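Trainee: Can you keep this structure in mind? I'll have questions shortly.
The values are calculated or read from the model by the stated rules, or taken from the named source; none is laboratory data. All of these numbers come straight from a predicted model, not from anything done at the bench. Quick reminder, even Gly has a Cβ in these numbers, built from the backbone with ideal geometry, and neighbours come from all protein chains shown.
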Amino acid sequence: MARMKFICDAERCIECNGCVTACKNEHEVPWGVNRRRVVTLNDGVPGEKSISVACMHCSDAPCMAVCPVNCFYRTDEGVVLHDKDVCIGCGYCSYACPFGAPQFPSEGTFGVRGKMDKCTFCAGGPEEHGSQDEFEKYGRNRLAEGKLPACAEMCSTKALIAGDGDVVADIFRTRVLRRGKGAEVWGWGTAYGTAQEKKS
Amino acid sequence: MMKTTTMFRLLTMTAVLGLAACGEQPQDMTGGGVKQDDAPFQGVGGSQYAQAGWKAGDKGSWEQQLKSRAQYGQNDYTRMGAKP
């Protein structure tokens with residue numbers, strides 16, 4: 001198995017926010033906290049593009065690097081998780097994350113800031129799998145139930161794909177070959193440069 | 001006699017000072033550390049939400065379950081039975 005990854009296909013995303021709703025419902029995420037959001041570029045203009053964004057479970061995660069109490073850990077499947085009993089709610093991870101994934105509930109030990117909350121790739125946290133404690137702190141542990149993240153499984157157009165990196169890449173490759181376009185995953189050019197930029 | 005008492009006091013004080021650190025609690029912020037998390041293939045026990053079709057504790061079976069679920073649920077070309 002490779003690493004667990006999300007890919008959002010901007011050619012298919014219709015900004016329905018089904019992924020956001022699925023996530024909030026599955027984990028009973030409180031008001032004011034969005035583990036997943038849909039971002040639209042050129043909203044209302046013909047050719048607008050939407051993309052669903054949450055924690056990308058980075059291989060070299062900046063949140064892990066800056067956390068002063070080392071509350072983060074990475075599972076064997078490449079999922080970046082954190083221990084809320086260790087988190088002090090300082091918000092450094094929020095400054096470091098390029099996707100704005102860390103969220104801070106308004107209730108909790110640290111008043112308005114609270115302990116950090118973020119997408120867990122539906123993998124729960126460091127509590128007994130399937131326990132009430134795990135659900136209350138981190139949400140459902142769908143991976144341990146033999147399922148994939150709710151956001152991707154609920155996506156009506158299958159724009160959001162989640163799972164083993166090899167399988168996800170295989171699905172996306174097949175799709176691009178069939179429709180003959182849209183190989184440029186949103187943000188790919190920004191991160192790795194485009195063909196035109198490389199030539200010049 | 002005086003010399004023995006002074007010696008005894010000195011030894012006692014040295015022992016007290018020397019052993020004081022033994023009762024010290026770790027003060028670094030990660031002293032407790034992150035709790036150990038089980039691997040997801042261990043399953044969720046007898047939860048009603050557990051998906052059937054794979055064996056908890058068997059990593060290969062869990063991986064296969066996720067792979068087939070991803071293909072069936074997310075690859076609409078194979079799901080519809082379309083030719084690749």
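Trainee: Look through the range A:64-80, keep the residues that are outside any strand (DSSP E or B) and under 13 Å from the mean Cα position of the chain (by Cα), and return whichever of them is surrounded by the fewest Cβ atoms within 10 Å (Cβ to Cβ).
Mentor: A:GLY78
Trainee: With respect to A:ALA61, determine if the residue is in contact with a Phe, Trp or Tyr (Cβ under 9 Å, 6 or more places away or on another chain) and either surrounded by 21 or more Cβ atoms within 10 Å (Cβ to Cβ) or under 21 Å from B:LYS35 (Cα atoms) (or both).
Mentor: yes
Trainee: Of the residues A:LYS199, A:LYS115, which single one is touching a Cys at 6+ places or on another chain (Cβ under 6 Å) and modelled with pLDDT under 95?
Mentor: After applying the criteria, what remains is A:LYS115.
Trainee: While we're looking at this one, here's another question. Among what's in the range B:33-51 and is of a type outside the set (S, T, N, Q) and more than 7 Å from chain A (Cβ to nearest Cβ), pick the residue that is farthest from A:GLY78 (Cα to Cα).
Mentor: For the range B:33-51, the residue satisfying everything is B:GLY46.
Trainee: Quickly run through the range A:27-54 and pick out the residues that are surrounded by 19 or more Cβ atoms within 10 Å (Cβ to Cβ) and outside any loop (DSSP other than H, G, I, E, B).
Mentor: A:HIS27, A:VAL38, A:SER50, A:ILE51, A:SER52, A:VAL53
Trainee: Being closer than 23 Å to B:GLN48 by Cβ, facing chain B (nearest Cβ under 9 Å) and either in contact with a Phe, Trp or Tyr (Cβ under 6 Å, 6 or more places away or on another chain) or in contact (Cβ under 8 Å) with a residue 24 or more places away in the chain (or both) is the filter here, so list the residues in the range A:130-161 that pass it.
Mentor: Listed by number, the residues that qualify are A:ARG140, A:ARG142, A:LEU143, A:GLU145, A:GLY146, A:LYS147, A:LEU148, A:ALA152, A:GLU153.
Trainee: Residues that are closer than 13 Å to A:GLU26 by Cβ, at least 1 per element: which helices (runs of 4 or more DSSP H) completely within the range A:81-171 meet that?
Mentor: A:132-138, A:150-154
Trainee: Report yes if B:GLY57 is at pLDDT below 75 and of a type outside the set (Asp, Glu), otherwise no.
Mentor: The answer is no for B:GLY57.
Trainee: Looking at A:VAL38, is it more than 20 Å from A:LYS137 (Cβ to Cβ), hydrophobic (A, V, I, L, M, F, W, C) and under 18 Å from the mean Cα position of the chain (by Cα)?
Mentor: Judged against the criteria, A:VAL38 is a match.
Trainee: Can you tell me which residue among B:ALA15, B:ALA20 is assigned to a helix (DSSP H, G or I), at pLDDT below 80 and loosely packed, with under 15 Cβ neighbours inside 10 Å?
Mentor: Sole residue among the options that is assigned to a helix (DSSP H, G or I), at pLDDT below 80 and loosely packed, with under 15 Cβ neighbours inside 10 Å: B:ALA20.
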